[in-house]
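Everything below concerns the one structure shown next.
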Amino acid sequence: MARARALGWGGNEVQMEGTGAPAQRLEPAGVPRRAVIEDVKPTVDGGRFPAKAAVGDDVVVEATAFVDGHDLLACDLRVQREGQPEWTTTDMAPLGNDRWRGTFHADAVGRYRFSVRAGVDRFATWRRDLVARADAGQDVRSELLVGAALLSKVAARASGAEKLSLSVAADAVATAAARSGLSSPVSRSGLTSPAVPDGLDHSDETTVGAMLQSALLTALVRRHRATSDATTSATYTVVVDPALARFSTWYEMFPRSASPEEGRSGTLADVEARLEYVEALGADVLYLPPVHPIGTTARKGRDGAIEAAADDPGSPWAIGSPEGGHCAIDPSLGTLDDLRRLVSAARERRIEVAMDVAFQCSPDHPWVREHPEWFLHRPDGSIGCAENPPKRYEDIYPLNFENDDWWGLWLALAGVVRFWIAQGVRVFRVDNPHTKPFAFWEWLLSSVKDEHPEVILLSEAFTRPAVMYRLAKLGFTQSYTYFAWRNTKWELESYMAELAGVSHFFRPNFWPNTPDILTDALQTGGTATFVARLVLASTLTASYGVYGPVFELQEHLPRSPGSEEYLGSEKYAVRHWDLDRPDSLAPLMARLNAVRRSHRALQRNDTLRFHATGNDQLIAYSKTWDDDAVLVIVNLDPAHRQSGWVDLGDFGRGPGESIEVHDLLTDARYRWEGSHSFVILDPGTVPAHVLSIGVGSRSSSTGAS
């Protein structure tokens, strides 16, 4: 096969080898760009989707950039906040092996665009070669003239005081060339002198050498260097969410079970009265299952029975009745005014109320009558109920997203979200998003976030990883995970490694239980398992949640053997909870959440490191942030005491030195020597350590305690 061979730049021909005939003329546009930029991060699918950050983050951008030959490279990070006209440019630092890193601070919600620009650093290359020639004793007068001309060109692109400073530098280099040319040993040493702090107006050879190395001159040249021959990467996007997206503690409760009086169904006003309890727990998101009118047709009975008794309240996820649909409040819970008052009262306590978004309908939903085309009809004309064979949900009709009026349906669903935003809600938990089209979510989430970038949406999709990750790429702020079913040390460490690989777009939210998930471990492990799972959920990730008061009261009886459904599930019944029970884990939850709030190391995921323990029943890991460090050690065996030597890693000390550790759960303090520490954890007393590490403290020690 003939291959094209380029014979040169502009105006030359491409000859097809083997034919001798010219094929076409090449007329390149612009200036040849020598720099190559590859593997830019953080990017998602090559820029198809935005990466994620939160307010207060320093977004780290990395790229591989290099140039042919031996010239040095200058690499810049260019950033623009959407809606702002200006781009800011900062230097990227070399990491070695042609890898570069830069950062920008995300100080507001919204979208940020960034790109990487790289090109030959002609000044740095000239300066490096000048030093090499001077050190070799060569006459560098002509090289100095080259440098003077280079600086003069840079000065021509500047203005004001910076133009004057660069011109002075050019004159100083030219003067040095006219004199001895920096060829003496004294002058050569001047080329590597310290930076001159008092400006660039110096002309003797030694000072000229120091000037050429000064940070001031380097910065001025970088700021005004020519970029016409630089290579610029594609432009990528980072969506910056509120800080709550990065670090949050969720608490789920059913409003109808919030009554302090047994035998009376709870209301939104009762939920408002319970805010003090939720605040004391340390939660900052109060998630309510659907609060809409519940259908009566095919209503489920206790524990999901097909036949409901007259007083059975039905499942809140069977949305819609003659009283209204997705934009209405169940009259038994209260009114829209009650909801708005709850949202306002919670926000005064720095708690956000999260609403449930469940795009499905009961047979009594007004849409069934008004828009029958939005539902899937059987051949006999009836509407089919929701199914996940062999399970059937007779009280729910799924929406048909492939109907002829799909656009009308999309607009109606978007209207639901906007309605609740108008009521003051800013956080949503979205039910089963993986059963709706990806295209729908991409449209809805992008339009909502464009209008309300402060909104947070949690994806409840327990499905295949690729689907869960796709939903996160499409715009979901946080995501449920498989944490509930990851119990062994190997499972937990492997899963955290997997999540680390998608952390630039997938924010995990760990839940040890939900109204649908009562794992076998919680059914059989007793208090030790509840404590261990709580510690793991709250410290492995920056965002976690519990379904309560079921969790803190350690409800663990399944509906039937092998089931993950609760016996007496709140999904189908009104429950009354004694929040003052002595066995409640509420004090532990409050303590853990106070620790999370006071230790910045626990408010991020990107510094998680596992530590060897020599015992597979002990898992140890740490997180750090600046001078804050927390080491967590958990006994995964709910029945037996476990012990092992924990590798302290970077926290370790040398012989004769020790480090102080403070157990944030028990308030005990220890002084550990050396690189390892021996730990014993008894599930009957304290199944976990959450240790603050005095990373800055070193002292001599005569023993460990």
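The values are calculated or read from the model by the stated rules, or taken from the named source; none is laboratory data. Everything numeric here is computed off the predicted structure, so don't read it as measured data. Cβ coordinates were reconstructed from backbone atoms using ideal geometry, including for glycine residues, and neighbour counts include every protein chain displayed. Note: areas computed on protein heavy atoms with side chains; ligands, DNA, RNA excluded. Shrake-Rupley method; radii C 1.70, N 1.55, O 1.52, S 1.80 Å.
Tell me, which residue of segment 542-558 that is touching a residue at least 40 places away in the same chain (Cβ under 8 Å) and over 17 Å from PHE254 (Cβ atoms) is surrounded by the fewest Cβ atoms within 10 Å (Cβ to Cβ)? The qualifying residue surrounded by the fewest Cβ atoms within 10 Å (Cβ to Cβ) is PRO558.
Sort out for me the strands (runs of 3 or more DSSP E) sitting completely within segment 602-677 that have 1 or more residues that are among the aliphatic types (A, V, I, L, M) and at negative phi. Lay out the reasoning, then the answer.
Details: elements: 609-611, 618-625, 628-635, 642-647, 657-663, 669-673.
The qualifying strands (runs of 3 or more DSSP E) are 618-625, 628-635, 642-647, 657-663.
Considering every residue within segment 625-636, establish whether at least one is under 30 Å from ILE693 (Cα atoms) and of a type in the set (S, T, N, Q). Yes. Which ones in segment 215-259 are under 30 Å from GLY568 (Cα atoms) and of a type in the set (Val, Ile, Thr)? Residue satisfying the conditions is THR249 alone. If you check ALA308 against the conditions, is it within 36 Å of the chain's Cα centre (by Cα) and either surrounded by fewer than 20 Cβ atoms within 10 Å (Cβ to Cβ) or closer than 30 Å to LEU534 by Cβ (or both)? Answer is no for this residue. For segment 453-468, a tally of residues being surrounded by fewer than 20 Cβ atoms within 10 Å (Cβ to Cβ) and either of a type outside the set (A, V, I, L, M, F, W, C) or more than 20 Å from MET355 (Cα to Cα) (or both) returns 7. If you go through segment 496-510 one residue at a time, do you hit one that is over 30 Å from LYS473 (Cβ atoms) and of a type outside the set (Phe, Trp, Tyr)? Within segment 496-510 (the criterion being over 30 Å from LYS473 (Cβ atoms) and of a type outside the set (Phe, Trp, Tyr)), the answer is no, since none of the residues qualifies. Residues considered: HIS377, HIS371, HIS365. Of these, the only one that is in contact (Cβ under 8 Å) with a residue 24 or more places away in the chain and more than 29 Å from GLU252 (Cβ to Cβ) is HIS371. Do the conditions hold for ASP450, that is, is it among the acidic types (Asp, Glu) and exposed (fewer than 15 other Cβ atoms within 10 Å of the Cβ)? For ASP450, the condition - among the acidic types (Asp, Glu) and exposed (fewer than 15 other Cβ atoms within 10 Å of the Cβ) - is met. The criterion of being part of a loop (DSSP other than H, G, I, E, B), at pLDDT 80 or above, closer than 30 Å to ASP98 by Cβ and under 46 Å from the mean Cα position of the chain (by Cα) does not hold for ALA195. Within segment 570-583, residues that are free of Cβ contacts under 8 Å to residues at least 60 places away in the same chain reach partners that are polar (S, T, N, Q) and part of a loop (DSSP other than H, G, I, E, B) with beta carbons closer than 9 Å, at six or more positions or on different chains, in the pairs ASP578/SER584; ASP583/GLN554.
Regarding segment 597-617, can at least one residue be identified that is farther than 29 Å from GLY501 by Cβ and either modelled with pLDDT under 95 or surrounded by fewer than 19 Cβ atoms within 10 Å (Cβ to Cβ) (or both)? Yes, there is a match, as at least one residue in segment 597-617 is farther than 29 Å from GLY501 by Cβ and either modelled with pLDDT under 95 or surrounded by fewer than 19 Cβ atoms within 10 Å (Cβ to Cβ) (or both).
Please note which strands (runs of 3 or more DSSP E) are completely contained in segment 70-182 and include at least 1 residues that are open to solvent by less than 20 Å² (accessible area, probe 1.4 Å). I'd like the intermediate steps shown before the answer.
On the way: elements: 73-81, 88-91, 93-96, 99-105, 110-120.
Strands (runs of 3 or more DSSP E) meeting the threshold: 73-81, 99-105, 110-120.
Could you tell me whether LEU333 is closer than 24 Å to LEU553 by Cβ, in a loop (DSSP other than H, G, I, E, B) and either polar (S, T, N, Q) or touching a residue at least 12 places away in the same chain (Cβ under 8 Å) (or both)? Yes.
When the residues of segment 494-507 are narrowed to those that are open to solvent by 60 Å² or more (accessible area, probe 1.4 Å) and touching a residue at least 12 places away in the same chain (Cβ under 8 Å), which ends up farthest from ILE456 (Cα to Cα)? If we take residues in segment 494-507 being open to solvent by 60 Å² or more (accessible area, probe 1.4 Å) and touching a residue at least 12 places away in the same chain (Cβ under 8 Å), then GLU498 is farthest from ILE456 (Cα to Cα). Scanning segment 230-245 for residues that are open to solvent by 30 Å² or more (accessible area, probe 1.4 Å) and out of contact with any helix residue (DSSP H, G or I) (no Cβ under 7 Å at 6 or more places or on another chain) yields THR232, THR235, THR237, ALA243, LEU244.
If you check THR267 against the conditions, is it open to solvent by 10 Å² or more (accessible area, probe 1.4 Å) and farther than 30 Å from SER584 by Cβ? Against the criterion (open to solvent by 10 Å² or more (accessible area, probe 1.4 Å) and farther than 30 Å from SER584 by Cβ), THR267 does not qualify. Taking residues in segment 638-649 that are loosely packed, with under 15 Cβ neighbours inside 10 Å, and partners anywhere that are part of a strand (DSSP E or B), the pairs with Cβ atoms closer than 6 Å and at least 6 places apart or on different chains are ARG641/ASP682. Can you spot a residue in segment 548-561 that is assigned to a helix (DSSP H, G or I) and within 29 Å of HIS599 (Cβ to Cβ)? Scanning segment 548-561, I find no residue that is assigned to a helix (DSSP H, G or I) and within 29 Å of HIS599 (Cβ to Cβ), so the answer is no. The single condition among (1) in contact with a helix residue (DSSP H, G or I) (Cβ under 6 Å, 6 or more places away or on another chain); (2) on the phi < 0 side of the Ramachandran plot that GLY282 does not satisfy is (2).
Could you please find all residues in segment 370-405 being of a type in the set (D, E, K, R), over 18 Å from ARG299 (Cα atoms) and more than 37 Å from the chain's Cα centre (by Cα)? First the steps, then the outcome.
From segment 370-405, those of a type in the set (D, E, K, R) are 370, 373, 378, 380, 387, 391-392, 394-395, 402, 404-405; that's our starting set.
Filter again for over 18 Å from ARG299 (Cα atoms), leaving 370, 373, 378, 380, 402, 404-405.
If the condition is that a residue be of a type in the set (D, E, K, R), over 18 Å from ARG299 (Cα atoms) and more than 37 Å from the chain's Cα centre (by Cα), then GLU370, GLU373, ARG378, ASP380, ASP404 are the ones that fit.
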